1. Within the stretch 743-760, can one find any residue that is among the polar types (S, T, N, Q), open to solvent by 10 Å² or more (accessible area, probe 1.4 Å), farther than 27 Å from V555 by Cβ and modelled with pLDDT under 95?
2. Restricting to the stretch 143-182, what's the tally of residues that are closer than 24 Å to A107 by Cα and surrounded by fewer than 21 Cβ atoms within 10 Å (Cβ to Cβ)?
3. Scan (1) without any contact (Cβ under 8 Å) to a residue 40 or more places away in the chain; (2) under 20 Å from G146 (Cβ atoms) for the single condition V306 breaks and write down its number.
4. Taking the stated definitions as given, is T773 assigned to a loop (DSSP other than H, G, I, E, B), of a type in the set (V, I, T) and in contact with a His (Cβ under 9 Å, 6 or more places away or on another chain)?
5. For the stretch 391-424, what are the residues that are part of a strand (DSSP E or B) and open to solvent by less than 10 Å² (accessible area, probe 1.4 Å)?
6. Would you mind telling me which numbered condition in (1) farther than 20 Å from V264 by Cα; (2) surrounded by 19 or more Cβ atoms within 10 Å (Cβ to Cβ) V323 fails?
7. Mind counting the residues in the stretch 620-651 that are open to solvent by 30 Å² or more (accessible area, probe 1.4 Å), part of a strand (DSSP E or B) and of a type outside the set (D, E)?
8. How do the pairs read when you match residues in the stretch 278-294 that are hydrophobic (A, V, I, L, M, F, W, C) with residues anywhere that are assigned to a strand (DSSP E or B), using Cβ under 8 Å and keeping only pairs 6 or more apart or on different chains?
Amino acid sequence: MLNRILIVPIAIVSLQFVALQAADVPLVAEGKPRAAIVIAEKPARLVKLAAEELQSYLFKISGATLPIVHAPPNNGDTAIYIGRSTATDALKIGDEGLKYGAFRIVAGENHVVLLGHDLDFIPKEPWAPHYGHTPKMLADWDKLTGEKWGNPIGASLMRGYNKPLGLWHADRGGSLQAVYELLRRLGVRWYMPGELGEIVPKTATVKLAPTDETIRPDFAQREFHFTFYWGATKDDILWTLRLGLNHGDEVRGLGEPGHGMSAVTMRDETKQAHPEYYALWNGKRAVAHYGGAQCLSSEGLLQQNVKYVRAMFDLYDEPMVSVMPEDGYSNACECELCRGKETPARGFSGKISDYVWDYVNRVAVEVYKTHPHKKVSCFAYGTYTQPPGKIAKLSPNLVVGIVQPRRFFNDPAKRKEFVDLRQAWIKKLPSAEPLMIWEHYPFTAPGKPSYGVPAYFPHLIAEDLRSLKGISQGEVIEVMFDEKKSYGLHAPAFNHLNLYVTTRLYWDAEQNIDALLAEYYRNFYGPAAAEMQAFIEYSEASWRDLAKSGDKKSVEKIERMFVLLAKAKEKAPPDSAYGQRIALLADYLRPMAELREQLAKGRGNVPSARATKLSKVGIKIDGKLDEPAWKGLAAYGFGELETGRVPAFKSSFRTCWADGNLYFGITCSDRDTKTLNIGTRKNEDGRIWNGDCVELLLETQIHSYYQLVVNPAGAIIDLDRKGGLNESWSSEAEVAAHISEDSWTVEIRIPMAGDGKTENIDPLHGVSGREPTELYPWYINVCRQRVRDNGSELSAFSPTSKNDFHDMLKFGSLYAK
């Protein structure tokens, strides 16, 4: 357990400008520099950054620019030493034992020392100068190891480098953390990236009281996964540094924190030479995954895994290597060796626990014989979440991680489930080796399930981290990263608060969460502090209900949320920083406003269809529906329009989503396709309704609604029905029809034109909408008209109970998944 050690209490600089004692150490007096920032002539990268950050923020606070020098001033000014140097050695202030970003702050007569462990990361060969398994890197790796393994370190190092700042995420900078702590004590706060996210007080005089203090974090591992340095902005990277994150190379190493077994089985050469390494599912070896799903009874695989782990220790000096199966691993292999190793009686979360953990533990036991001071790891996940029942004590070098959903711990049963799970795992550990945690904070990129939902949960964060202190060495939080807006990294509208609170508690899990939040409201929202507190507290209590798109009560709750936000807007001048921050939130909540409008329409019990998400669609739009992609999709049948009964002439559709396109495949059965009634062979010809046709009616999250009509000849007419009947609009859809002996079929590809912002949308071309999700679905109807001399038959995916396709409240829902 990592502790906060307070040797001599520090007197924090007062922002109320009360008189300071004579013994205080001056930094700035009446806007004039009274100190110099001293660093080594060849400082570590983060020490250089620390000096620049201190200089920059002291200027913002006081207007004074402190010089950055390599020797202490000789004019009586204070020397602010950042990082280790001969001067700090002479003062007998060192960085011994300052691990995981820990640091010292020492202020005495004419000197201030801000010191932690600092180290420039130097990549070890082989590694790829471009992200991925490049041929040269693999060739060098093969020559070095004599094997055909992947190299997760060499392939991924570049994602840990940020060119704008010239920093690696594996650089160590305890002295930088000391600078940030000093600035926090001067009142500086970084709530979200960029200048809009920071708070800087103003004062012309800055002094420090004498102190000698060591600060250690409560958690060693403090990582936001997917905050890739190579793709992030300068503001993003600086924000993660200011939050005091630690990417954990000292704890878990540089490799993949999860699914590490993939490196042993990912290569095509291995898949061809050793099919026995891969799980047998439905009579086929599961080699299609990135790393392949593994057969955990294969002795050859186990020996290769052991050899690989040892190589990572020897060649990269990794402290820990993951031995976790490929992602999506939920069933045991079905080969003879694996038969009977599942334990379905243990329920979903224990179905293959004995099977997986037996393998992981056997690898750990073998590795322990040669590398007793190194660690192997695996996360308890999915169908192997529960501890194994057949192993009394795990190997002493095995680190267990738990994948958990902290944001749902408002449910006492869910919280108890994971508290009990931790204790069950601790009983299996032969030593006091702490657990690791893998968290998923709400995915906040467009198209993700919780996009636009104000999912605040700071009190759950505080409660959970307090309970984990002492039994967890830290955690990885999976935060989705959206390149355009960085919503995933910090979601400037709301997610910054969850992340800020989490990181502050990483350093001191016992601090008062309500005091931390009160300061946030006051600093970040100024005159709207009380109103924003009401909004956030309401959202914290209600966001799970807001995310239930089928719940009529959620309309009232969403409306209440927007009423509270409107009150905050009224209090904060729109041109002020406070108003701009609230405006960001309003923009983020736009999907909730659209959902409110959809739900307010009062739809009843309507059918739902899933557009299966495909990475490779492989559909040629020729009307035939003969591609493999169509075969595995669910077929949704039609009912007679007014009664809902099975129609005399059956119809169905299939749908999928790929690369921002929505595909429909529609089948219309008929006894005699030679007598189909074709009203026209020309596009945009109203005579299309005189004969057989299908209609596709689409209401997106932001547009209600569009109409596409296609007949057996492949003729199309498309209309925008919003506010009237716009015949000038074009869907830009690709359409084809095909007539066979007993049916006619239609294929449609509909491209998305944008997310609805006016600057992105041509109102006369394309379908305006985002990818449909379960929370933010589209509403659709797929209808058929069959016309003959003796009458017509009308049918639809969602029957309307009337002789009309266009009852919007009867449209069924559509989501992509």
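1. Yes, the stretch 743-760 contains at least one residue that is among the polar types (S, T, N, Q), open to solvent by 10 Å² or more (accessible area, probe 1.4 Å), farther than 27 Å from V555 by Cβ and modelled with pLDDT under 95.
2. Total meeting the criteria: 1.
3. (1)
4. For T773, the condition - assigned to a loop (DSSP other than H, G, I, E, B), of a type in the set (V, I, T) and in contact with a His (Cβ under 9 Å, 6 or more places away or on another chain) - is not met.
5. L398, V399, V400, G401, I402, Q404
6. Failing condition for V323: (1).
7. Looking only at that region, the number is 2.
8. Sorted first by the residue in the stretch 278-294, then by its partner, the pairs are A279/R285; A279/Q294; A286/Y278; A286/L280; V287/Y278; A293/Y278; A293/W281.
The values are calculated or read from the model by the stated rules, or taken from the named source; none is laboratory data. Note that the structure is predicted; figures quoted are calculated from it, not measured. Note that each Cβ is placed from the backbone with ideal geometry, even for glycine, and that neighbours are counted across all protein chains shown. When the accessible area is computed, the model is the full protein with side chains, heavy atoms only, and any ligands, DNA or RNA have been set aside. Shrake-Rupley method; radii C 1.70, N 1.55, O 1.52, S 1.80 Å.
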